[in-house]
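What follows is one structure encoded as structure tokens, with my remarks underneath.
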Amino acid sequence: MNIKQLSKKLGLSITTVSRALGGYSDVSKKTKERVKKFAKKYKYSPNLNASRLASNKSNTVGFVLPLYGLNSNQLNQSSFFEFIAGMSKKLNNENIHFFMFFANNAEEEKQAYNKLIFVEKVTKIILHNLKTNDDRIKLLTKNKINFVTWGRTKDLKNYSWVDLDNQGSIELIMQHLVEKNHKNICYINIAESYNFAYQRKQGYLKSLKKFNIKYTNKYYITITNEEPKKSANLIKKLLIKNKKITAIICSTEYTAVGAIKACNELNKKIGKDISIVTFDGPVIERITTPALSAIVHPREQLGIKAVEMLLSMDGDNYKHQNFLAKPKLIDRGTIHKVSK
């Protein structure tokens with residue numbers, strides 16, 4: 001069945017049917033549901049390429065996943081696919097096409113965004129891995145692309161975002177550790193050019209101040225290399241030089257894997273001699289031994305929410321939105337109580 005036949009059965013104009021299937025906000029929810037019900041019944045699927053050629057635009061959401069830098073290690077990539085799964089679920093329900101490009105370096109990433117905008121005519125994009133100052137926002141704004149970000153920059157003006165509560169997550173971890181009498185707490189971060197890393201450091205510093213624990217730069221290190229083996233070597237040296245450390249907070253899964261390896265090599269029993277807490281993901285939960293205590297966030301829900309925001313931008317009275325996922329700490333037995 002083509003769209004002309006479908007619109008005739010519905011008693012609606014072709015334009016109304018097209019916009020209802022495209023999720024446009026100027027079509028009522030009741031009409032959208034009716035159109036989708038008929039489309040499903042008669043097995044109608046819109047020709048996305050024809051629609052793009054006719055309008056010089058595409059009803060498509062674009063996403064670029066870099067496989068370098070922060071994502072060069074497969075441990076980090078897994079969490080992104082949970083987010084993408086949420087996006088895909090929502091986009092499939094709305095019958096919207098999804099373009100995803102992979103980039104192996106910065107030049108490929110730049111080319112991917114240009115291809116989405118100028119070749120594929122994509123007008124909706126989801127950004128992620130935001131830097132404290134991110135040039136991609138300028139690019140999308142300049143070309144009048146609707147976008148939602150997973151993460152935030154320092155400047156939160158004029159765009160919609162979904163994010164983990166990075167600062168609140170560290171504060172929750174620190175609260176739990178202090179309740180277990182920990183005072184010598186080290187923090188393993190990644191490059192603070194990523195804004196989530198900057199936010200997590202702020203949570204660490206704020207918590208130290210709250211609990212009257214003096215900050216020492218000996219207990220804070222930044223690891224720029226994503227290899228767990230190299231992370232393990234740095235953490236091992238840290239623990240050898242600072243024997244009073246009783247707890248390690250890891251900002252990412254790969255640093256947590258490195259921390260486990262470092263403690264094993266030093267014969268420190270995790271959950272008894274030393275505590276480790278990290279941010280959760282499939283590797284930490286299912287593969288590492290032991291399974292580490294961790295902060296968890298609903299990444300799939302973030303993907304769904306990001307798409308919902310993006311699809312609501314077609315109206316004239318759109319206001320920028322934000323959604324902050326609340327963290328939850330799961331203690332899997334790797335946080336021990338320190339004797340006073």
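The values are calculated or read from the model by the stated rules, or taken from the named source; none is laboratory data. Remember, it's a predicted structure, so these values are computed and weren't measured experimentally. With ideal geometry, Cβ positions are generated from the backbone for all residues, glycine too; neighbour counts draw on all protein chains shown. Each accessible area value is taken on the protein alone, full model and side chains, heavy atoms only, with ligands, DNA and RNA left out. Shrake-Rupley method; radii C 1.70, N 1.55, O 1.52, S 1.80 Å.
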Completion exercise
All conditions in (1) modelled with pLDDT of 95 or more; (2) of a type in the set (Gly, Ala, Ser); (3) in a helix (DSSP H, G or I) are true of ALA256 except (1)
Exercise for the section: Out of ASN322, ASN264, ASN242, report the one residue that is over 19 Å from ALA85 (Cβ atoms), assigned by TED's automatic domain parsing to the domain that holds GLU82, modelled with pLDDT of 90 or more and not basic (Lys, Arg). Expected result: ASN322
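Tell me which residues, restricted to segment 100-140, are out of contact with any strand residue (DSSP E or B) (no Cβ under 9 Å at 6 or more places or on another chain) and of a type in the set (Asp, Glu).
GLU107, ASP135
Inside segment 1-15, can you point out the residues that are among the β-branched types (Val, Ile, Thr) and touching a helix residue (DSSP H, G or I) at 6+ places or on another chain (Cβ under 8 Å)?
Once the filter is applied, which keeps residues that are among the β-branched types (Val, Ile, Thr) and touching a helix residue (DSSP H, G or I) at 6+ places or on another chain (Cβ under 8 Å), segment 1-15 yields ILE3, ILE14.
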Practice task
Identify all residues within segment 167-226 that are open to solvent by 60 Å² or more (accessible area, probe 1.4 Å) and at positive phi; write none if there are none.
Solution key: ASN212
Exercise for the section: Find all pairs meeting these conditions: Cβ atoms under 9 angstrom apart; at least six residues apart or on different chains; first residue within segment 21-35 and part of a loop (DSSP other than H, G, I, E, B); second residue among the hydroxyl-bearing types (Ser, Thr, Tyr). Expected result: GLY22/SER51; GLY23/SER312; TYR24/SER18; SER25/SER312; SER25/TYR318; VAL27/THR16
Fill in the blank from the handout: The one condition LEU177 fails out of (1) within 20 Å of PHE279 (Cα to Cα); (2) among the aliphatic types (A, V, I, L, M); (3) in contact with a helix residue (DSSP H, G or I) (Cβ under 8 Å, 6 or more places away or on another chain) is (3)
Exercise for the section: Answer yes or no: is there a residue in segment 120-129 that is touching a Leu at 6+ places or on another chain (Cβ under 7 Å), closer than 29 Å to SER293 by Cα and not basic (Lys, Arg). Expected result: yes
Handout entry: segment 25-38, residues that are surrounded by 17 or more Cβ atoms within 10 Å (Cβ to Cβ) and under 21 Å from LYS124 (Cβ atoms)
Key = VAL27, LYS32, VAL35, LYS36
Practice task
Being touching a residue at least 12 places away in the same chain (Cβ under 8 Å), open to solvent by 50 Å² or more (accessible area, probe 1.4 Å), part of a helix (DSSP H, G or I) and not polar (S, T, N, Q) is the filter here, so list the residues in segment 227-248 that pass it.
Solution key: LYS229, LYS230, LEU234, LYS236, ILE240, LYS241
Exercise for the section: Look through segment 6-19, keep the residues that are without any contact (Cβ under 8 Å) to a residue 12 or more places away in the chain and over 38 Å from the mean Cα position of the chain (by Cα), and return whichever of them is farthest from LYS32 (Cα to Cα). Expected result: LYS8
Exercise for the section: Please go through segment 138-160 and pick out each residue that is closer than 17 Å to GLY303 by Cβ and open to solvent by less than 20 Å² (accessible area, probe 1.4 Å). Expected result: PHE147, VAL148, THR149, GLY151, SER160
Problem - Considering residues of segment 102-126 that are open to solvent by less than 40 Å² (accessible area, probe 1.4 Å) and not β-branched (Val, Ile, Thr) only, the residue farthest from ARG299 (Cα to Cα) - result: GLU120
Exercise for the section: Quickly run through segment 192-226 and pick out the residues that are under 24 Å from ASN129 (Cβ atoms) and assigned to a loop (DSSP other than H, G, I, E, B). Expected result: GLU192, SER193, ILE223, THR224, ASN225, GLU226
Exercise for the section: Could you run through segment 7-24 and say how many residues are of a type outside the set (Lys, Arg) and more than 15 Å from ASN95 (Cα to Cα)? Expected result: 8
